[in-house]
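Read the structure below first, then the notes.
The values are calculated or read from the model by the stated rules, or taken from the named source; none is laboratory data. Predicted model only: the values in this text are computed from it and were never measured. Heads up, the Cβs are rebuilt from the backbone with ideal geometry, glycines too, and the neighbour counts pull from every protein chain shown. The protein model used for the area step is the full one, side chains on, heavy atoms only, and it has no ligands, DNA or RNA in it. Shrake-Rupley method; radii C 1.70, N 1.55, O 1.52, S 1.80 Å.
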Amino acid sequence: MPTYVMPEELLAETPSRLVGIPEEDEKTNRIFGCELIALAGIMLRVSQATINTGQILFHRFYYRKSMIDHKVLPVAMTALFLATKVEEEQRGPRDILNVFDRILKRRYLGSSNIDAFNRTSRRYQTWSRDVKKLELVMLKELGYTVYVDHPHRFILFYVKTLVGANRSLTETSQQLAQKAWNYLNDAMRTDVCLRYRPEIIATAAIFLTVRILQINLPTNPPWYRLFGATRLELEEIASIISELYTREKAEYVYVSQTDQKSYIGRLREKGSKLSTETKKDKDEDTRKDSKKKTPSRKERKRSERSRSESSDFSSSSSSYDRRRRRKRRKRSPSYSSASRSRSRTRRDRDRDRDRDRNRGSRHGRGKRGRSPRRDRDRDRDRDKDRGEKDKDKSNQRGREKDKEKESDKKKPRRDKGREHDRDRDRDRDRGRNSGSRKDRR
């Protein structure tokens with residue numbers, strides 16, 4: 001199919017300029033709308049071809065209608081929605097609206113003030129209605145010709161052609177292709193795609209990349225003549241692309257009085273208020289920090305002492321534990337079995353302890369280099385622990401005896417008087433019965 005290029009008559013005077021919008025404001029709003037489409041495409045996980053198609057449809061529509069009649073935000077949403085249909089990566093209107101709402105809130109309010117887009121809200125209903133209406137208007141104004149020829153599909157072919165002619169460029173071919181691809185993505189923010197054919201735009205991206213990377217290409221004849229381009233066209237496209245990097249971040253420019261009351265205007269005012277409040281909070285925090293009392297000389301000395309004492313204690317205790325572990329590893333098996341023997345009675349335990357102390361003493365220390373004082377402290381602690389265990393056992397026995405006594409108290413007592421009366425009445429009855437039997441006989 002033929003490539004869609006706008007005629008020079010329409011390129012000179014756009015509908016927005018005829019209404020009174022300055023050229024610079026129109027260019028800024030075009031860049032702003034294309035940036036929204038690119039971010040939304042990334043969040044929707046569509047291909048680069050779909051994003052480029054949406055940007056080209058966006059530019060083509062504003063060569064038919066002005067920005068006063070149709071605002072930038074709904075046109076950007078509609079262009080991306082139509083591009084997903086053209087490139088067969090369809091996304092629903094709900095996904096498009098949610099993504100654009102999230103992008104605007106993150107742009108003006110920050111990531112911490114993002115809330116969900118309520119489907120029952122009036123703004124959601126108006127946005128969905130505008131997208132559905134604008135889709136029909138856009139198709140009518142474009143004459144239902146939504147075919148787009150992308151310059152990206154020529155880049156790899158052109159780079160392979162240049163590398164095949166000069167084999168010394170095989171190392172830089174990947175870098176050349178990637179950087180030229182990035183320049184093409186940025187070029188879609190401008191109306192270059194409607195002024196020149198896609199082959200020339202791809203050649204201009206390679207021309208700009210070769211200049212920056214300082215790669216030598218054939219000059220006699222020039223390499224760009226192979227792709228049907230002239231030096232004047234390449235320099236014009238390269239200047240338009242390089243101008244983007246000198247501009248500040250694109251922000252929407254109000255083109256009418258109603259724009260300040262639009263959703264973007266309200267978000268911008270809210271974001272400015274939040275930024276001023278955060279600045280005030282930061283200033284107050286810095287003032288409070290500066291007003292805090294600096295510690296006096298005595299307090300600093302006390303803190304240093306406490307730190308040094310804690311560090312000394314921790315280091316000494318850790319080194320003591322390390323020495324004990326090291327000495328335990330060096331124990332011989334015969335001595336370790338003797339030292340670990342457990343006596344049943346106190347007398348046997350004391351005898352084993354004295355025997356271990358007196359064995360192989362050298363300069364007041366045992367065979368393993370331990371001091372008797374440390375052994376005495378260790379045995380004392382061990383005896384203390386065993387005494388506490390014996391106390392616990394005796395206390396437990398006492399508790400069990402108390403429980404038995406309480407259970408005996410709860411048993412019913414036998415009344416001896418009542419039992420005596422019961423036996424006496426029983427004997428009396430037996431006597432009466434025996435007397436009556438004698439009388440009968």
R189 is checked against (1) under 23 Å from L10 (Cα atoms); (2) open to solvent by less than 70 Å² (accessible area, probe 1.4 Å); (3) assigned to a loop (DSSP other than H, G, I, E, B) and fails just one. What number does that condition carry?
(2)
Among the residues that make up region 27-34, is at least one of them in contact (Cβ under 8 Å) with a residue 60 or more places away in the chain, over 30 Å from the mean Cα position of the chain (by Cα) and open to solvent by 60 Å² or more (accessible area, probe 1.4 Å)?
yes
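Condition first: charged (D, E, K, R), open to solvent by less than 50 Å² (accessible area, probe 1.4 Å), farther than 23 Å from N52 by Cβ and touching a residue at least 60 places away in the same chain (Cβ under 8 Å). Can you find one or more residues in region 115-125 that meet it?
Of region 115-125, the ones charged (D, E, K, R) are 115, 119, 122-123.
Filter once more, keeping what is open to solvent by less than 50 Å² (accessible area, probe 1.4 Å): none.
No.
Go over the candidates L18, L11, L39 one by one and state the one that is more than 16 Å from T190 (Cβ to Cβ), in contact (Cβ under 8 Å) with a residue 12 or more places away in the chain and over 36 Å from the mean Cα position of the chain (by Cα).
Criteria check complete, one pass: L18.
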Can you name the residue in region 1-26 that is more than 24 Å from T53 (Cβ to Cβ) and touching a helix residue (DSSP H, G or I) at 6+ places or on another chain (Cβ under 8 Å) and, of all such residues, is most open to solvent (accessible area, probe 1.4 Å)?
E23
If Q175 satisfies every condition in (1) under 27 Å from L10 (Cβ atoms); (2) open to solvent by 30 Å² or more (accessible area, probe 1.4 Å); (3) in a helix (DSSP H, G or I) but one, which is the exception?
(1)
Given the conditions (1) open to solvent by 30 Å² or more (accessible area, probe 1.4 Å); (2) under 22 Å from I215 (Cα atoms); (3) of a type outside the set (D, E); (4) touching a residue at least 12 places away in the same chain (Cβ under 8 Å), and given that Y147 satisfies all but one, which numbered condition is not satisfied?
(2)
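Here is a list: D408, D375. Which entry is charged (D, E, K, R), modelled with pLDDT under 75 and in contact with an Asp or Glu (Cβ under 9 Å, 6 or more places away or on another chain)? Full working, then the answer.
Numbers: D408 fails: in contact with an Asp or Glu (Cβ under 9 Å, 6 or more places away or on another chain).
It is D375.
Looking at region 42-49, is at least one residue open to solvent by less than 10 Å² (accessible area, probe 1.4 Å), out of contact with any strand residue (DSSP E or B) (no Cβ under 7 Å at 6 or more places or on another chain) and either closer than 19 Å to V131 by Cα or modelled with pLDDT under 90 (or both)?
No, because not a single residue in region 42-49 is open to solvent by less than 10 Å² (accessible area, probe 1.4 Å), out of contact with any strand residue (DSSP E or B) (no Cβ under 7 Å at 6 or more places or on another chain) and either closer than 19 Å to V131 by Cα or modelled with pLDDT under 90 (or both).
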Using the structure shown, decide if A250 is in contact with a Phe, Trp or Tyr (Cβ under 8 Å, 6 or more places away or on another chain), closer than 25 Å to G41 by Cα and either among the hydrophobic types (A, V, I, L, M, F, W, C) or surrounded by 18 or more Cβ atoms within 10 Å (Cβ to Cβ) (or both).
yes
Among all residue pairs at least 6 apart or on different chains, which show Cβ distances below 8 Å where the first residue, located in region 209-231, is more than 17 Å from F154 (Cα to Cα) and modelled with pLDDT under 85 and the second is open to solvent by 50 Å² or more (accessible area, probe 1.4 Å) and not in a loop (DSSP other than H, G, I, E, B)?
P218/A165
Exception for Q55 within (1) touching a Cys at 6+ places or on another chain (Cβ under 7 Å); (2) surrounded by fewer than 15 Cβ atoms within 10 Å (Cβ to Cβ) falls at (2)
